[in-house]
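Have a look at the structure below before the remarks.
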Amino acid sequence: MTTAGKKKVLKRLSSALYPLGAAAFIIALWAITAAAVGEELLVPSIGATLRGLGDMLGEKATYAAVGGTIWRALAGWAIALVAAAVFAALAIACKPAKKLFAPFMSVMRSVPTMSVIMLALLWVTSGQMPLVVTFMTLFPVQYSAMIAASEAVDPKLIEMAKIYRVPARTRVFRMYLPCMTPQIVEGVRSTLSLTLKVTIAAEVLAQTRDSIGAGMMQSQSFLQTDRILGWTVIAIVAGALAEAFVTCAAWAARRIYAVRQGA
């Protein structure tokens with residue numbers, strides 16, 4: 001193996017050690033805290049939490065709850081993403097539209113999530129509420145990320161495209177998308193964890209059937225702290241898998257785009 005190859009391998013190994021070190025620190029802190037408190041009801045030990053998680057994984061209701069939450073989270077996230085893309089495209093193409101949308105987006109970003117949840121409880125069913133809350137929370141965030149990505153495109157490149165009357169299709173696929181994609185992908189990936197948080201919070205208050213939020217609320221009612229932490233672990237794993245999926249999909253999209261450009 002060449003020196004460059006060895007350096008590349010060492011760099012990858014060192015990159016992998018950082019998250020492992022962070023995980024080890026969290027587990028050690030958890031174990032120390034549980035031992036110091038000495039009360040399973042307040043801070044369950046790692047062993048008690050794993051036993052509770054194991055019991056949960058043996059129940060069919062757990063999988064129905066996880067599936068329901070993931071479906072609602074992804075549905076709200078996808079609807080918000082499509083709507084944000086449409087409004088961002090209008091804002092990029094038409095400056096007056098961008099100025100018109102600005103105050104509405106500012107208001108939507110400022111409205112407390114709890115206010116949205118409380119109002120949604122009056123307007124929609126418990127099953128629909130997580131979708132509405134997720135959409136209302138993510139839509140302005142995703143719109144702002146897309147606008148910021150469009151502003152990162154080189155103004156000289158845009159001016160040159162206007163002077164040479166480059167077709168709109170070519171501008172979109174050869175100029176805007178390649179420049180905007182990295183920032184958009186990063187914004188989309190960062191909102192996935194937020195999506196799960198918002199969805200679960202809405203499910204807790206709405207007591208949505210077949211959901212992680214309802215499972216957490218039920219566990220809290222019966223003082224099953226180990227199960228609450230078990231649900232938390234499941235939500236963290238689901239969020240990590242979703243982010244990994246988006247990262248892999250973005251990598252594959254970049255590779256396909258590069259191949260087509262080369263052809």
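Once whole DSSP H runs in the chain are found, which of them have Cα atoms spread over 18 Å or more along the helix axis and a mean Kyte-Doolittle score of at least 0.5?
3-37, 60-93, 129-151, 177-206, 225-262
Would you order D210, D55 from fewest to most other beta-carbon atoms within 10 Å of each residue's own beta-carbon?
D55, D210
At 7 Å along the Cα-to-beta-carbon direction for both Y63 and M160, put a label point, then send me their distance in nm to one decimal.
It works out to 5.6 nm between the two label points.
Subtracting the Cα-Cα distance from 0.36 nm times the residue separation, let me have the gained length for I32 to T170 in nm, one decimal.
Here the answer is 43.8 nm.
For Rg and Dmax of the Cα atoms in Å, the listed values are (1) 20.8, 67; (2) 20.4, 63; (3) 22.8, 73; which was obtained by calculation from the structure presented?
Entry (3).
Given a 10 angstrom Cα cut-off, can you work out which residue in P112, P19, P130 is the most mobile in a GNM of the chain?
In the Gaussian network model the winner is P19.
Could I have the simple spin-label model distance between V107 and W123, label points 7 Å from Cα toward Cβ, reported in nm to one decimal?
That separation, rounded to one decimal, is 1.2 nm.
Order by neighbour count: M118, M129, fewest other Cβ atoms within 10 Å first, most last.
Going from least to most buried by this count: M118, M129.
In the stretch 60-262, with Lys and Arg counted as +1 and Asp and Glu as -1 at Cβ, which of these residues, M160, V172, S221, has the Cα nearest the positive end of the dipole, that is, farthest along it?
M160
Under 13 Å from the Cβ of D226, count the other residues' Cβ atoms, weight Lys and Arg +1, Asp and Glu -1, and hand me the total.
Net local charge, D226 excluded: -1.
Among 226-232, 60-66, how do they line up by average Cβ neighbours within 10 Å per residue, starting with the highest?
Peptide ranking by packing, descending: 226-232, 60-66.
Please identify, among R109, R171, R189, the residue showing maximal mean-square fluctuation in a Gaussian network model of the chain using a 10 angstrom Cα cutoff.
R171
Using a Förster radius of 51 Å, what is the FRET efficiency between D55 and L100 based on their Cβ-Cβ separation? Nearest 0.05, please.
0.40
Give, in nm to one decimal, the length gained when the segment between I236 and L20 is fully stretched (0.36 nm per residue of separation minus the Cα-Cα distance).
Gain in length upon complete extension: 76.2 nm.
Please arrange M105, M146 by counting, for each residue, the other beta carbons lying within 10 Å of its beta carbon, fewest first.
So the ranking, lowest neighbour count to highest, is M105, M146.
Most mobile of E159, E39, E59 per a Gaussian network model of the chain (Cα springs, under 10 Å)?
Evaluated over the chain, the most mobile residue of the options is E159.
Any read-out appearing in this document is the output of simple, stated calculations on the displayed coordinates, not a laboratory observation. What you are looking at is a predicted structure, and each value in this text was computed from that prediction instead of being measured. Virtual Cβ from ideal backbone geometry, glycine too; neighbours counted across all protein chains shown.
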